[in-house]
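A short reminder: the numbers here are calculations on the coordinates, not readings from a lab. On a predicted model such as this, the values are computed, not experimentally measured, just so you know. Heads up, the Cβs are rebuilt from the backbone with ideal geometry, glycines too, and the neighbour counts pull from every protein chain shown.
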Amino acid sequence: MSPISLIIDSGATKSAWAWTQDGVIIHTAAFPGIHPFFLDDAGLEEAFRKGSVGQPVSPAAIFYYGTGCKPASSQTRIRSAVRKAYPAAGIIEVNTDLLGAARALCRRSAGIACILGTGSNSAYYDGEQIVRTAGGLGFILGDEGSGADLGKTWVSAWMYDEVPDELGQKFADRFGLAQSEVIEAVYRKAFPSRYLAQFAVFLRENIDHPYINRLVGDRFTLFFKRHLPLLAGSGVYPVHFTGSIAVHFSEILEKTLSAYGFPPGRIEGDPIKGLAVFHAH
């Protein structure tokens, strides 16, 4: 049998860890998200050390896919932190979460790979590498259709008293928020996108209300309008999705995709299984 590999897929909110052998997942673990923009070097090292404690076996190869890893400087910092936690690993690869999504969803075929989780991103993948990307601008400038975007759009409308009274009261009773608390969390505290994304749970619970259904559909529509026209192969190759938002709002997502005439692909909440298969070959 081949040596054991560790695959880590990290978004802004959570990270999934899987120890694999010959494409079979033999052990899994879950930890908070690892974001190089919001963690200093000591924080990164601590995050990987926690993942290495008490696990069944030391991996021979580690494949890390994470948000915020497009800059070479971020990849270098992540690789250094991983090396300190797993000094015996012979192979350490650090790539973007978008390449992880593409490999998991498309495997070795061409397609459009999209992430709809805390943030959003998309790419045209030719079966070997990412050729063109769209998005990845963060929740202030982009992240259309993501959990952070849905939460931001909803809470902004709520603070402006634009939402139906019954929904606004239900939201207030559920979270007990004051406007000052929201502003503090978004502009001054760590992980603002994670904070905003939590409100997507409320939207999911009340998705049958016409106002929320329309809000989610509008944000997905904006995602398609801004992202897909920029990608080669758009309208030809299947459009795949990964991420919690894609799964929890799959019915609206598929309906919006169909309205634009794009070929539907896979919708998977977790790319780990697909990555295990990819790295087995």
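Couple of notes before you dig in:
- Cα long-axis angle, helix 250-259 against the chain (0 to 90 degrees, to the nearest 10): 80
- Where the alpha-carbon atoms of the range 43-113 are placed on the principal axes, they occupy 37, 27, 18 Å, in descending order.
- The phi-based Karplus calculation (6.51 cos²θ - 1.76 cosθ + 1.60; θ = phi - 60°) puts the 3J(HN,Hα) values of the range 62-68 at 10, 10, 9, 10, x, 5, x Hz, whole numbers, x for Gly and Pro.
- Cβ-Cβ FRET estimate between Ile26 and Ala190, R0 fixed at 35 Å, reported to 0.05: 0.55
- A Förster radius of 35 Å combined with the Cβ-Cβ distance from Val131 to Leu222 puts the calculated FRET efficiency at roughly 0.90.
- The chain: most fluctuating residue of Lys189, Lys70, Lys84 per GNM, C-alpha cutoff 10 Å: Lys189
- Mean Cα-pair separation over length for the chain, i.e. relative contact order, pairs under 8 Å, 6 or more apart, %: 20
- Normalised by residue count, the range 88-244 yields a Cα convex hull volume of 141 Å³ per residue.
- Restricting the range 95-183 to trypsin sites (Lys or Arg not before Pro) that sit in a DSSP loop and have at most 11 other Cβ atoms within 10 Å of their own Cβ leaves Arg108.
- Amide hydrogen proximity for Val131: with H placed 1.01 Å from N in the peptide plane, the residues at 5 or more positions away or on another chain lying under 5 Å are Tyr124, Tyr125, Asp126.
- Calculated FRET value between Phe175 and Glu251, using beta carbons and R₀ = 22 Å, to 0.05: 0.30
- Normalised per residue, the volume of the convex hull around the Cα set of the range 31-82 (Å³): 81
- Taking every alpha-carbon pair under 8 Å whose residues sit at least 6 apart, the range 163-281 reaches a relative contact order of 20 percent.
- D (Stokes-Einstein, µm²/s), Kirkwood Cα radius, the range 113-193, 0.692 mPa s at 37 °C: 227
- Phi angles across the range 152-157 convert, under the Karplus curve 6.51 cos²θ - 1.76 cosθ + 1.60 with θ = phi - 60°, into 3J(HN,Hα) values of 5, 4, 5, 5, 5, 4 Hz, Gly and Pro given as x.
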